[in-house]
Amino acid sequence: MRAASLFASLLAIATVHAKKALPAAPFVAYWGSTGGEGTLESYCSLGYYDVINMGFLQGFGATTLDLEIDGCTSSDYSACSTLASQISACQDAGVIITLSLGGATKFDCGDQGCTGDYYFASAAQAEALATTIWEMFFNGGKTTSGVTRPFGTVVLDGIDLDIEMTATGDGQTPQLYYGDFITKLLAYDSDIYIGASPECQWGLLGNNPMEDVLTSGAIDWFFVQFFNNALCKYTSVNFASTFAHFVSVAATNPNGATKVLMGLPGDTESSDSASYYVDPATAISAVTTLRSTYPNAGVGVGVYSASTAVGSTASGSDANWAKKVAAALAAMPASVASSSSAVTSVTKAATTSAVVAVTSKVSSAFGSVSTALGVASVVSNATSSSSSAAGTKVVSTGTSKAATELAASTTGSSAQASTTTSTTSAAGVVRAGLGALVGVAGVMMVVA
């Protein structure tokens, strides 16, 4: 193989299935469920949001598959092609795009036109939906004939579970088997993001039927909905204990990666009552306090929705809620690491340095097998200094547009760089690259 093509192959290995780490204080928004919101791409281009959940796949499992996203529907997939190009543009801009499953149902707002209806009757049914989702929206059906793909070859970044049909009675069915659904989906590709948007009351009741999913270790973030429920809204006496509950649930994640977001309405008209609205200054103050109280919980903000938080009906100090909140979040310092997370950070940093050094050396080593073996030695030494190098992620940094705007307007302030991560194992990248170069099995065993 020629040196140039071999080097290109190594770089391709390093970038495939790239899953970025969320920023220290992430900003997640919903889009697509109310109509007339403006284009998805227009919100991505603002630089405010780290993740946008497209809503919703509001019928699935034992009911009819029902996709309703701003004109892209199960009854007319042809209208989804325009959205496909916007998804690609958003991803190119660094915004994570997910498909939200669930949402409001006919049981709680049918009088307002809600039609959502979803549940699994068995584990097999949940696994079957995972396969369907994999083929329709991820890599599973890209080259398979006969598979319906609303967004063509465009691949989403993840899914969000906004499971609001969680009570019994009124004809509702208990929500079960989501653990089976997630396990099956991640078996296809472990780099798929999984978000969950529990309603805040489950932190009070303590019997959330989704609890097994929340504690599975598979969830990347909780968008806790602190609205549409007076018992646990921000101004209620239960807010602090409710938030603490979800932090404790997140802490059970064996991967230590679940972030907890304070979910709020974007304006006074985005929830059941204007009383759930929290002005941007208060929201920023609250998140700052929560990040201090829970330094390792990755506290950020979730908003419903991307459009209302930008084109807010509020005026004066409340205008453009999203811009103010995004700028503040981007400028917040990273969470204070615990002793265990500090070790992890050092491990990641050491592995990153090793991989960068190896990549640089590989580019000039194609003409010499002995040089390539020298690179293998560098990798072996670097990775042996870290007990968990095989599972670490390559880190790069960037700065959001909102942080740049904040830095420009505040003397001496500086925006924190967002930390991004490639889920391709650093050791795996080197292993694959060196395997292609020299096929040295002994080196591969050391790196592994």
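The values are calculated or read from the model by the stated rules, or taken from the named source; none is laboratory data. Here the structure is a predicted model, which is why all the values come from computation and not from measurement. Every residue, glycine among them, receives a Cβ derived from its backbone with ideal geometry; neighbour counts consider all protein chains shown. Heavy atoms of the whole protein, side chains included, go into the accessibility calculation; ligands, DNA and RNA do not. Shrake-Rupley method; radii C 1.70, N 1.55, O 1.52, S 1.80 Å.
Taking the conditions exactly as written (touching a Phe, Trp or Tyr at 6+ places or on another chain (Cβ under 7 Å), modelled with pLDDT under 95 and open to solvent by less than 50 Å² (accessible area, probe 1.4 Å)), does Ala62 satisfy them or not? Criteria met by Ala62. Going residue by residue through the stretch 187-199, is there one that turns out to be of a type in the set (Ser, Thr, Tyr), over 11 Å from Thr258 (Cβ atoms) and open to solvent by 30 Å² or more (accessible area, probe 1.4 Å)? Yes - at least one qualifying residue is present in the stretch 187-199.
Residue selection: Ser78 satisfies the criterion of being part of a helix (DSSP H, G or I), open to solvent by 30 Å² or more (accessible area, probe 1.4 Å) and of a type in the set (S, T, N, Q).
Among the residues of the stretch 216-251, those identified as touching a Cys at 6+ places or on another chain (Cβ under 8 Å) and part of a strand (DSSP E or B) are Val224, Gln225.
Of all the listed residues (Glu127, Glu135), the sole one being assigned to a helix (DSSP H, G or I) and without any contact (Cβ under 8 Å) to a residue 24 or more places away in the chain is Glu135.
Annotation note: Cβ proximity below 9 Å between a residue of the stretch 236-258 that is at pLDDT below 90 and a residue that is surrounded by fewer than 16 Cβ atoms within 10 Å (Cβ to Cβ) and among the aliphatic types (A, V, I, L, M) (sequence gap 6+ or interchain) occurs for no pair. When we screen Tyr49, Tyr118 for residues that are within 26 Å of Asp212 (Cβ to Cβ) and open to solvent by less than 20 Å² (accessible area, probe 1.4 Å), the only hit is Tyr118.
All of (1) surrounded by 21 or more Cβ atoms within 10 Å (Cβ to Cβ); (2) assigned to a strand (DSSP E or B); (3) not basic (Lys, Arg) hold for Glu68 with one exception: (1).
The C-beta contact set for the stretch 286-306 (first residue without any contact (Cβ under 8 Å) to a residue 12 or more places away in the chain, second residue small (Gly, Ala, Ser), distance under 9 angstrom, 6+ apart or interchain) comprises Thr293/Ala240; Thr293/Ala244.
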